[in-house]
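Written out below as structure tokens is the structure these notes cover.
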Amino acid sequence: MDLKKVGQQYERQELKRETLKESPIEQLEEWMQLAITAKIPYANAANLATVGTDGFPKSRIILIKEIKDSSVVFFTNYNSAKAQDIAKNNKVSLNIYWKELDRQVRITGTAKKSPVEESKEYFFSRPRESQISAIASDQSHIVEKEELYQKVKELEKKFEGKDVEFPSFWGGYNVEIESIEFWQGRPNRLHDRFQYTKDGANWKIDRLAP
């Protein structure tokens, strides 16, 4: 299949240095809110890339659940493939893409486990069915469908009439941002790209060539 002639002309508004927030977190929050307001499906979805012990990069879509201070937060099973990668190498990258706005955000940073209380707070805010599924799934490991559904049934019976127990193998990761790029698609490939990088306690902002 030849895809060379498949293209897209970007016609969105210009991204200017003078309109950028001095804080990349504030800029990310602004763009995220605009995406949510525009009712973009899964506006908080991001491609998370880790490096496996075999040296290969691996990526998957996760949902960002919080933006705070200088980090973004997502939750997962600590026995999953992504978590095992992070245990060996906690340098990660995330990419958020809003095609409806011709925008993307690229983040590089270090991932650290969230405090247990924060993980518990989010876990118990989820629907009961999601809580049980999180316990039943040995994420990323080989399983038969019938085996998984049987485990769900057993857990539903175990916790019938009472609260689901918090699983110690489940929780959040705070990705502390080291650099973050905001990309705005523009006509004729003259895209606007601005990169924030840590400069001590401050952030350095540079325009990048498209």
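The values are calculated or read from the model by the stated rules, or taken from the named source; none is laboratory data. Keep in mind it's a predicted model, so treat the numbers as computed, not measured. In this analysis, Cβ positions are derived from the backbone assuming ideal geometry, glycine residues included, and neighbour counts consider all displayed protein chains.
A few notes on this one:
- Asn188 being in the same structural domain as Ile64 (by TED's automatic domain parsing) and at positive phi: yes
- The listed residue being closer than 24 Å to Ser133 by Cα, surrounded by fewer than 18 Cβ atoms within 10 Å (Cβ to Cβ) and in contact with a strand residue (DSSP E or B) (Cβ under 6 Å, 6 or more places away or on another chain), out of Asn89, Asn79, Asn44: Asn44
- Conditions (1) surrounded by 17 or more Cβ atoms within 10 Å (Cβ to Cβ); (2) out of contact with any Leu (no Cβ under 7 Å at 6 or more places or on another chain); (3) closer than 24 Å to Val116 by Cα; number of the one not met by Asp163: (1)
- Residue in region 124-153 that is nearest to Gln84 (Cα to Cα), counting only those that are touching a residue at least 24 places away in the same chain (Cβ under 8 Å) and loosely packed, with under 13 Cβ neighbours inside 10 Å: His141
- Test for Gln8: is it without any contact (Cβ under 8 Å) to a residue 24 or more places away in the chain, under 20 Å from Glu181 (Cβ atoms) and out of contact with any helix residue (DSSP H, G or I) (no Cβ under 7 Å at 6 or more places or on another chain): no
- As a summary of the residue check, Glu22 satisfies the conditions (1) out of contact with any Leu (no Cβ under 9 Å at 6 or more places or on another chain); (2) more than 24 Å from Arg207 (Cα to Cα) except for the one numbered (2).
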